[in-house]
Amino acid sequence: MCSSPSWIQIPQDAYLVVVEMLDEILIQVVISIVEIITSIPFGAFLIAFGSIIYPPTGNKLGKYCLFLGLFLFTINQISHF
Amino acid sequence: MSGFDPFTIEQTIETFSSYIISILESILPVLIILAFVTSNIALIFGGITYLVDYNEENGKRIIFRSLIVLILMMNIFPYPLDNEQPETGIQTDIIPITSYITSYLLFTFGALSLIVFIGNLGLFLIEADLKRKKNLKKSIICLLCVLLPLGFKFPKMPIWLW
């Protein structure tokens, strides 16, 4: 527990209010990150990146990028209906 | 507690995420064109190694990979070989250059495979041999590989205007 000095007047539930603020900010940040990752532009970006890397070298990373991009495209298609 | 506004923080986070998405969208056309060019170059080099070199397996694999990627990309994104300008926000300055590059490369590869095909056909007619039969098969496969990404529609080449 962090003990405040006695000469500063802080309400007793200030700690709880700060925790709630941080909670809300964290939840919004996580939601926005998930929205960015599951959006169509990110899927198109993944497909383009994978198709740059995959054909000449045959990397595993490029292959999985392609699969993930296709997966994101299908998810967005399903959510439209 | 009046100093904290959850609404403004929400707004700033939303604007930031939309900013990141707009950056991705602005990068996309360049990446798509790069992907088309690299997959075409990979197809051509794989075809040349498949035709000429002794280790055919590598060339076959490269052809297979690049064909899969090209077909997938053709179905998802607008193909830059089309002479008509697609309407999906891709920058119009880059498309003709890439279409010329890819069509030149594909036509050189097609000409090479045609030359190999005709030469091996003549040699096969003179003296039938298993090796020549194999070479014939290879050159036919390479011709088909050229025709597939072109989509059987031939772009306007500047060669034909000369």
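The values are calculated or read from the model by the stated rules, or taken from the named source; none is laboratory data. Computed from a prediction, not measured in an experiment: that's the story for all the values here. No Cβ is skipped: glycine too gets one built from the backbone with ideal geometry, and neighbour counts run over all protein chains shown.
Observations, loosely collected:
- Inter-residue pairs, beta-carbon under 9 Å, first within 11 Å of A:VAL29 (Cβ to Cβ) and in segment B:1-24, second at pLDDT below 85 and charged (D, E, K, R), 6+ apart: B:ILE9/A:GLU24; B:GLU10/A:GLU24
- Where a residue in segment A:44-70 is more than 8 Å from chain B (Cβ to nearest Cβ) and its partner, wherever it lies, is hydroxyl-bearing (Ser, Thr, Tyr) and crowded, with 22+ Cβ neighbours inside 10 Å, with Cβ under 7 Å and at least six apart: A:GLY62/A:TYR54; A:LYS63/A:TYR54
- Single condition A:LEU22 does not satisfy, out of (1) more than 16 Å from the chain's Cα centre (by Cα); (2) of a type outside the set (Ser, Thr, Tyr); (3) more than 9 Å from chain B (Cβ to nearest Cβ); (4) under 20 Å from B:ILE71 (Cα atoms): (4)
- The combined condition, being over 22 Å from B:SER66 (Cβ atoms), surrounded by 11 or more Cβ atoms within 10 Å (Cβ to Cβ) and at pLDDT below 80, is fulfilled by B:PRO96.
- Taking segment A:33-56 as the range and being crowded, with 18+ Cβ neighbours inside 10 Å and over 30 Å from B:GLY46 (Cα atoms) as the test, the residues that pass are A:SER39, A:PRO41.
- Considering residues of segment B:35-72 that are of a type in the set (Phe, Trp, Tyr) and out of contact with any Lys or Arg (no Cβ under 7 Å at 6 or more places or on another chain) only, the residue farthest from B:LEU147 (Cα to Cα): B:TYR54
- The set of residues in segment B:26-48 that are surrounded by 15 or more Cβ atoms within 10 Å (Cβ to Cβ) and not hydrophobic (A, V, I, L, M, F, W, C) comprises B:PRO29, B:THR38, B:SER39, B:ASN40, B:GLY46, B:GLY47.
- Whichever residue in segment B:20-59 is of a type in the set (S, T, N, Q) and within 12 Å of another protein chain (Cβ to nearest Cβ) and, among such residues, is farthest from B:THR108 (Cα to Cα): B:SER22
- Look at (1) at pLDDT 80 or above; (2) away from chain A (no Cβ under 14 Å); (3) closer than 29 Å to A:LYS63 by Cβ and you find that B:ALA111 fails only one, number (3).
- With respect to the conditions (1) under 17 Å from the mean Cα position of the chain (by Cα); (2) facing chain B (nearest Cβ under 7 Å); (3) of a type outside the set (Ser, Thr, Tyr), A:VAL34 lacks only one, and its number is (2).
- Annotation note: Cβ proximity below 7 Å between a residue of segment B:28-48 that is closer than 25 Å to A:PRO41 by Cα and a residue that is among the aromatic types (Phe, Trp, Tyr) and in a helix (DSSP H, G or I) (sequence gap 6+ or interchain) occurs for B:LEU28/A:PHE45; B:LEU31/A:PHE45; B:LEU31/A:PHE49.
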